[in-house]
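J.: Sharing a structure below in structure tokens format, with a few things to ask.
Every number in this text was worked out from the coordinates using simple rules, so none of it is lab data. These figures come from a predicted structure and were not determined experimentally. Backbone-built Cβ (ideal geometry, glycine too); neighbour counts: all protein chains shown.
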Amino acid sequence: MLNGRPDMSYLHWRWKPYECELPQFDEVRFLSAMRNKSWGLIGDSILRNQVQSLLCLLSKVKVMNITYFH
């Protein structure tokens, strides 16, 4: 949108592989599994986009759930 794309229909696109059922991403479970772990990410702009997508998914976790990790 910031680059001037006039339509917004792409905001509702969903990718689904053929004959593959993936479970819904569980942000709390992911954060729990990654607690006290370090990450090193090496890549290009594609990896940066993937990290930004992951951060968007993780931003759905409510502040109340943070106490769950202490």
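J.: Run through the range 12-45 and list the trypsin sites (Lys or Arg not before Pro) located in a DSSP loop whose Cβ has at most 10 other Cβ atoms within 10 Å.
T.: When the trypsin sites (Lys or Arg not before Pro) of the range 12-45 are filtered for loop state and at most 10 Cβ neighbours within 10 Å, Arg14, Arg35, Lys37 remain.
J.: Output the 0 to 90 degree angle, nearest 10, between the alpha-carbon long axis of helix 45-58 and the longest principal axis computed from the alpha carbons of the chain.
T.: Tilt relative to the chain: about 60 degrees.
J.: Exposed loop chymotrypsin sites (Phe, Trp or Tyr not before Pro) only (DSSP loop, at most 14 other Cβ atoms within 10 Å): please give the longest stretch of the chain free of them, not including the sites.
T.: It runs 40-70.
J.: On to the next question. How large is the helix-only mean residue ellipticity at 222 nm for the chain, computed as the sum of -39500 (n - 2.57) over DSSP H runs with n ≥ 4, divided by its residue count, in deg cm²/dmol to the nearest 500?
T.: When only DSSP H runs of four or more count, the value is -9500 deg cm²/dmol.
J.: Translational diffusion coefficient, Stokes-Einstein: compute it for the chain using the Kirkwood radius over C-alpha pairs as Rh, at 25 °C and 0.890 mPa s, and state it as an integer in µm² s⁻¹. Could you put the intermediate results ahead of the total?
T.: Working: Rh = 15.3 Å.
So the translational diffusion coefficient is about 161 µm²/s.
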